[in-house]
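Participant: This structure is in structure tokens; I'll ask about it shortly.
The values are calculated or read from the model by the stated rules, or taken from the named source; none is laboratory data. All of these numbers come straight from a predicted model, not from anything done at the bench. Counting neighbours? That spans all protein chains shown, and the Cβs are built from the backbone with ideal geometry, glycine included.
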Amino acid sequence: MAQRSNTTRRRRRPDANPRKKKRIVYKFKDGDVVDYKDVALLRKFMSDRGKIRSRRVTGLTPHRQREVAKAIKNAREMALLPYTQRRS
């Protein structure tokens with residue numbers, strides 16, 4: 001069997017790697033509905049390349065993230081939003 005060395009492990013200081021605060025793109029109120037026709041709102045949840053931003057980036061709840069993703073996909077089908085952005 002391999003023997004453990006006598007070196008002690010260093011503990012990280014609690015403030016050595018502080019977590020970044022989530023940037024909330026849009027604060028939904030109770031009763032707000034995510035609509036595929038609201039293109040200005042949906043663009044806030046898309047990257048400059050046209051990809052849907054992740055929950056980690058937007059700060060949405062899982063339920064709202066699914067609603068936003070579904071609305072973006074519907075808007076793409078209706079040709080209100082592009083599938084990808086042109087590279088310039």
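Participant: Go through (1) among the β-branched types (Val, Ile, Thr); (2) assigned to a helix (DSSP H, G or I); (3) in contact with an Asp or Glu (Cβ under 6 Å, 6 or more places away or on another chain) and name the single condition residue 34 misses.
Facilitator: (2)
Participant: With the requirement that a residue be among the polar types (S, T, N, Q) and modelled with pLDDT of 70 or more, what does segment 8-37 give you?
Facilitator: The one that is among the polar types (S, T, N, Q) and modelled with pLDDT of 70 or more: 8.
Participant: Only one of 40, 71 is over 13 Å from the mean Cα position of the chain (by Cα), modelled with pLDDT of 80 or more, exposed (fewer than 11 other Cβ atoms within 10 Å of the Cβ) and not charged (D, E, K, R); which? I'd like the intermediate steps shown before the answer.
Facilitator: On the way: 71 fails: exposed (fewer than 11 other Cβ atoms within 10 Å of the Cβ).
Every option except 40 fails the conditions.
Participant: Those residues that are assigned to a loop (DSSP other than H, G, I, E, B) and closer than 21 Å to residue 37 by Cβ, I need them from segment 59-83; list them, please.
Facilitator: Listed by number, the residues that qualify are 60, 78, 79, 80, 81, 82, 83.
Participant: Identify all residues within segment 59-68 that are modelled with pLDDT of 95 or more and among the hydrophobic types (A, V, I, L, M, F, W, C); write none if there are none.
Facilitator: If the condition is that a residue be modelled with pLDDT of 95 or more and among the hydrophobic types (A, V, I, L, M, F, W, C), then 68 is the only one that fits.
Participant: Moving on. Out of 32, 48, which single residue is among the acidic types (Asp, Glu) and either without any contact (Cβ under 8 Å) to a residue 24 or more places away in the chain or touching a helix residue (DSSP H, G or I) at 6+ places or on another chain (Cβ under 8 Å) (or both)?
Facilitator: Just one listed residue meets the conditions, 32.
Participant: I'm trying to understand the selection: among the residues of segment 61-88, which are within 19 Å of residue 31 (Cβ to Cβ), in contact (Cβ under 8 Å) with a residue 12 or more places away in the chain and touching a helix residue (DSSP H, G or I) at 6+ places or on another chain (Cβ under 9 Å)?
Facilitator: 64, 68, 71, listed by residue number.
Participant: Using the structure shown, decide if residue 56 is in a loop (DSSP other than H, G, I, E, B) and either modelled with pLDDT under 95 or among the aromatic types (Phe, Trp, Tyr) (or both).
Facilitator: No.
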